[in-house]
1. Quick one: would you say residue 179 is farther than 13 Å from residue 21 by Cβ, part of a strand (DSSP E or B) and at pLDDT 95 or above?
2. Please find, among 126, 120, the residue that is touching a residue at least 40 places away in the same chain (Cβ under 8 Å), within 16 Å of the ligand (Cβ to nearest atom) and in contact with a helix residue (DSSP H, G or I) (Cβ under 9 Å, 6 or more places away or on another chain).
3. It is to be established whether one or more residues within the stretch 94-104 are in contact (Cβ under 8 Å) with a residue 40 or more places away in the chain and under 16 Å from the mean Cα position of the chain (by Cα).
4. Of the residues in the stretch 159-170, how many are outside any loop (DSSP other than H, G, I, E, B) and modelled with pLDDT of 95 or more?
5. Identify all residues within the stretch 185-215 that are assigned to a loop (DSSP other than H, G, I, E, B), within 21 Å of residue 103 (Cβ to Cβ) and more than 16 Å from the ligand (Cβ to nearest atom); write none if there are none.
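The values are calculated or read from the model by the stated rules, or taken from the named source; none is laboratory data. Since the structure is predicted, the reported quantities are computational estimates derived from the model, not experimental observations. Methodologically, a virtual Cβ is constructed for each residue, glycine included, from the backbone with ideal geometry; neighbour enumeration extends over all protein chains shown.
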Ligand SMILES: [Fe+2]
C-alpha cells in the first residue's frame, strides 16, 4: 500500500465502517479474518511486565495471519483516503520519502484479568489498532460493581479512553460483550488507557498492533 492511498472500491461498497470519533475508525472484521486471528498461537511474552496488574502480552507471528495482514492494510488505505489531507498527515508526508509504503509491523495479544489495567501509553508507527477477541462482561455488570456512582455513564470499568494530543479531544470507548470481532484503527500518536474491570473469572482478550512506514529496504 502507498501512503498516498489507493482507492479500494470494494471497501467503500460495504457498510462495515464507522467513524466513532474523528480519529477512530471502527471496522467489523470479515468472519474468516476474525477466525484466523482467534486461532493464532501465542508466542513470546512481550513488553513491560507487572504481574497481575499489567496485561499479559504475547507476540503473534504475522506469518500465521496473512488474511488479517491484507485486510488491515486495506482498512489503513480507507483511513488514509479520508484523513490523509489533514495537517498532521500532510506534515508527516512531507517528512518521509515520496511514495513510502506501509506494512503491518507487529501484532500481539493482550490478556487482562479482573483488576488489571493498561497504563496511559501510545504506540510507535503511523496507525495502530485494537481488536476485541473475547470480552467477558457487560457494562451493566460493571455498573453493579460501582453502586455508589449515581450515573452509569460515569462508570469507567473495562472501558478504553483515548486522547488526541493535537485536537485535545477525548473519546471513551465502552468495551463490553458484543464488541468482539471489531477492529478500531487510530493514528499511533493517540494516547489511550484501559481501565480495570471487576469480579469476572475469565480474561478479557484483545489484540493490538501497528502499521508503520516500511524502512526495512
Ligand atoms: Fe495500546
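1. Here the answer is no, as residue 179 does not meet what is asked.
2. 126
3. Yes: the stretch 94-104 contains one or more residues that are in contact (Cβ under 8 Å) with a residue 40 or more places away in the chain and under 16 Å from the mean Cα position of the chain (by Cα).
4. Here the count works out to 4.
5. 214, 215
Okay, residues lined up against (1) within 23 Å of residue 182 (Cβ to Cβ); (2) more than 16 Å from the ligand (Cβ to nearest atom):
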site	(1), (2)
80	yes, yes
101	no, yes
132	yes, no
136	yes, yes
143	yes, yes
151	no, yes
